[in-house]
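Participant: Sharing a structure here in structure tokens format.
The values are calculated or read from the model by the stated rules, or taken from the named source; none is laboratory data. Owing to the predicted nature of the structure, the values given are computational and were not obtained by experimental measurement. Backbone-built Cβ (ideal geometry, glycine too); neighbour counts: all protein chains shown.
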Amino acid sequence: MRLALFQPDIAQNVGAAIRLSACLGVCLDVVEPCAFPLDDRRLRRVALDYGADAKVRRHDSFEAFQASVAPARLILMTTRGERSFLDHRFAGEDVILMGSESSGAPTFVHEAAAARLRIPLARGLRSLNVVTAAAMVLAEGLRQTGLWPSLENSPT
């Protein structure tokens, strides 16, 4: 399972995604262009020292990203999702794709996705922070597929 960020706008969110992916043992794909350089100090401050344990791959374009992860299914998290992520059957090779914080994902990304899912929220509220949402969906996907990191590998 992988996590992907489509053209992220906020350096701190990428830092948090680096830390999340390292802790859960999943690769992080970053689809460029980003709104900041990937060596931004705000990113490093949030990622702490987890960057060394994270597997991060940068892609110059959405097309390059697609070619890199094929034939995996792209699972797009979107406020316009057709159904809840809780009703989805995840596969171990799935790529959980998060749209840009400011503008979500464009039509061509929606069209490329095998599934467009949402997180049910309290009435009248729009969305969660992108990394909070990613953590929820990754946790469910890893739980369903039995890929959750083992306690045997955790520090004591």
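Participant: I'd like the residue in region 104-148 that is charged (D, E, K, R) and assigned to a loop (DSSP other than H, G, I, E, B) and, out of all such residues, is surrounded by the most Cβ atoms within 10 Å (Cβ to Cβ).
Facilitator: Arg126
Participant: Restricting to region 82-101, and then to whatever is at pLDDT 95 or above and either out of contact with any helix residue (DSSP H, G or I) (no Cβ under 9 Å at 6 or more places or on another chain) or in a helix (DSSP H, G or I) (or both), can you tell me which residue is surrounded by the fewest Cβ atoms within 10 Å (Cβ to Cβ)?
Facilitator: Looking at the filtered set, the residue picked out is Asp87.
Participant: Quick one: is Pro71 loosely packed, with under 13 Cβ neighbours inside 10 Å, at pLDDT below 90 and not in a helix (DSSP H, G or I)? Can you show your working first?
Facilitator: Values: loosely packed, with under 13 Cβ neighbours inside 10 Å: yes; at pLDDT below 90: no; not in a helix (DSSP H, G or I): yes.
Spelling it out, it is not the case that Pro71 is loosely packed, with under 13 Cβ neighbours inside 10 Å, at pLDDT below 90 and not in a helix (DSSP H, G or I).
Participant: Checking Val56 against (1) modelled with pLDDT of 95 or more; (2) aliphatic (A, V, I, L, M); (3) within 23 Å of Ala16 (Cβ to Cβ); (4) in contact with a strand residue (DSSP E or B) (Cβ under 8 Å, 6 or more places away or on another chain), which test does it fail?
Facilitator: With respect to (1) modelled with pLDDT of 95 or more; (2) aliphatic (A, V, I, L, M); (3) within 23 Å of Ala16 (Cβ to Cβ); (4) in contact with a strand residue (DSSP E or B) (Cβ under 8 Å, 6 or more places away or on another chain), Val56 is out only on (1).
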